[in-house]
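**Student:** So that we are looking at the same thing, I have put the structure below in structure tokens.
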Amino acid sequence: MEMEKGQNPAGEEKKNKEQSHEQSNTPQREETVSQKDEKKEELEELKNYVKTLEDKVKKLEQLAKLSNERYITLQKELEFVRSKHRRELEEKDRYGIEKFARDLLEVLDNFERALNHMKNLEGCKEAYTGVEMIYNQMRKIFEKHGVTEIVVEKFDHALCEAVSAIPTDEVEENTVLEVVQKGYKLHDKVLRPAKVVVAVNPDEVT
């Protein structure tokens, strides 16, 4: 069989092989590109996921910091409340009888008046002794609970109340000449100021 003019069997065969080889390699190249795209997408998703986790960690760290600060603040507030409560209990225990003791001072005053009255009366010796015993017993109870008499020689605004002033140069100015009504303290607090008569400088009296 004669070959047609210009036909090259060897060339045709080579061309066919190259076309066949290109056709066989094309899906492989497409598959490789597709895999790269998928890996790129996976990597991008992983990066986004890591970023999301980092953001969550930052938020949790911030929340933990705020919670810790709040905890410390609450601890300080709790300690303040406890300290305040302890002080209130101590003050209540120390000064809780203030009103009661102030009221009883009137009774103590009456005992003193009765004793002063009975002291010079004839035939009242036994009664006087009995009343004096009760008076002394009452004073001891007062002292047991922190109620003590205010003793002053010089006038003190914090402890005394001047009910009268006598001009004199026989003693120093502001000397207490007479205690009209005794004053008392409950521990370090004035329960009732002493009512006194004080000396003043005659030159200053108009």
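**Student:** Exposure proxy check: T52, T175 ranked by fewest other beta carbons within 10 Å? Could the numbers behind the result be given before it?
**Tutor:** Numbers: T52 10, T175 18.
Going from least to most buried by this count: T52, T175.
**Student:** Still on this structure: Pull out a ≥ b ≥ c, the square roots of the eigenvalues of the alpha-carbon gyration tensor of segment 78-167, then state rounded if a/c is under 1.5, prolate if not and a/b is larger than b/c, and oblate in the remaining case.
**Tutor:** On the way: a/c = 4.00, a/b = 1.71, b/c = 2.34.
It comes out oblate by the Cα gyration axes.
**Student:** Please list, in order along segment 39-53, the HN-Hα scalar couplings obtained from phi with the Karplus expression 6.51 cos²θ - 1.76 cosθ + 1.60 (θ = phi - 60°), rounded to whole Hz, x for Gly and Pro.
**Tutor:** Ordered by residue, 3J(HN,Hα) equals 5, 5, 5, 4, 5, 5, 5, 5, 4, 4, 5, 4, 4, 4, 5 Hz.
**Student:** Multiply the residue gap between K36 and N136 by 0.36 nm, knock off their C-alpha separation, and tell me the result in nm, one decimal place.
**Tutor:** Working: separation 100, 0.36 × 100 = 36.00 nm, distance 10.78 nm.
Net length gain for the segment: 25.2 nm.
**Student:** Around G183, which amide H atoms from residues at least 5 apart in sequence, or from another chain, sit under 5 Å from its own amide H, with H modelled in the peptide plane?
**Tutor:** Here I150, A194, K195 satisfy the definition.
**Student:** A further question follows. Please compute the contact order of segment 148-206 in relative form: average sequence separation of alpha-carbon pairs under 8 Å and at least six residues apart, divided by the residue count, as a percent. All intermediate terms of the calculation are to be shown ahead of the outcome.
**Tutor:** Numbers: 122 pairs, mean separation 25.8, N = 59.
Once divided by the residue count of segment 148-206, the mean separation gives 44 percent.
**Student:** Give me the net charge for the shell around L186: Cβ to Cβ below 13 angstrom, other residues only, Lys and Arg +1, Asp and Glu -1.
**Tutor:** On the way: positive: K92, R94, K99, R102, K144, K185, K189, R192; negative: E91, D93, E98, D103, E143, E149, D188.
With Lys, Arg at +1 and Asp, Glu at -1, the net is +1.
**Student:** Further question on the same structure: If the only charges are +1 at each Lys and Arg Cβ and -1 at each Asp and Glu Cβ, what is the size of the charge dipole of segment 96-145 around the Cα centre, to the nearest 20 debye? Numbers along the way, then the final one.
**Tutor:** Numbers: 8 positive and 9 negative charges, 26 e Å.
Dipole magnitude for segment 96-145 comes out near 120 debye.
**Student:** Another one. Given axes a ≥ b ≥ c from the Cα gyration tensor, I'd like to know whether segment 54-206 is rounded (a/c under 1.5), prolate (a/b larger than b/c) or oblate.
**Tutor:** Values: a/c = 6.74, a/b = 2.18, b/c = 3.09.
It is oblate, given that a/c is not under 1.5 and a/b is not larger than b/c.
**Student:** Taking the Cβ of K47 as the centre, find all other residues whose Cβ is under 14 Å away and add up their charges (Lys, Arg: +1; Asp, Glu: -1). The partial results should precede the final answer.
**Tutor:** On the way: positive: K39, K40, K51; negative: E41, E42, E44, E45, E54, D55.
So the surrounding residues net to -3.
**Student:** Taking each pair of distinct Cα atoms in segment 148-206 once, what is the resulting Kirkwood hydrodynamic radius in Å? Mind dumping the intermediate values first?
**Tutor:** Working: mean 1/r = 0.0857 Å⁻¹.
With all distinct Cα pairs of segment 148-206 included, I get 11.7 Å.
**Student:** How large are Rg and Dmax for segment 96-145 when calculated on the C-alpha trace, in angstrom?
**Tutor:** 12.5, 42
**Student:** Report the rotationally averaged projected area of segment 31-95 based on its alpha-carbon convex hull, in square nanometres.
**Tutor:** About 4.4 nm², averaged over all directions.
**Student:** For the pairs K36/K59; K119/K140; K119/K189; K84/K195; K154/K189, note any where the Cα-Cα span goes beyond 26 Å.
**Tutor:** Working: K36/K59 34 Å; K119/K140 21 Å; K119/K189 33 Å; K84/K195 35 Å; K154/K189 19 Å.
In this structure, K36/K59; K119/K189; K84/K195 exceed 26 Å between Cα atoms.
**Student:** Using amide H atoms built in the peptide plane, which far-off residues or other-chain residues are under 5 Å from A165 H to H?
**Tutor:** Under 5 Å from the amide H of A165 lie the amide H atoms of V198, each far enough along the sequence or on another chain.
Laboratory data are not the source of any read-out in this text; all were calculated from the coordinates shown. The shown structure was predicted, so the numbers you read here are calculated from the model rather than taken from an experiment. Neighbour counts are summed over all protein chains in view; Cβ atoms, including those assigned to glycine, are modelled from backbone coordinates with ideal geometry.
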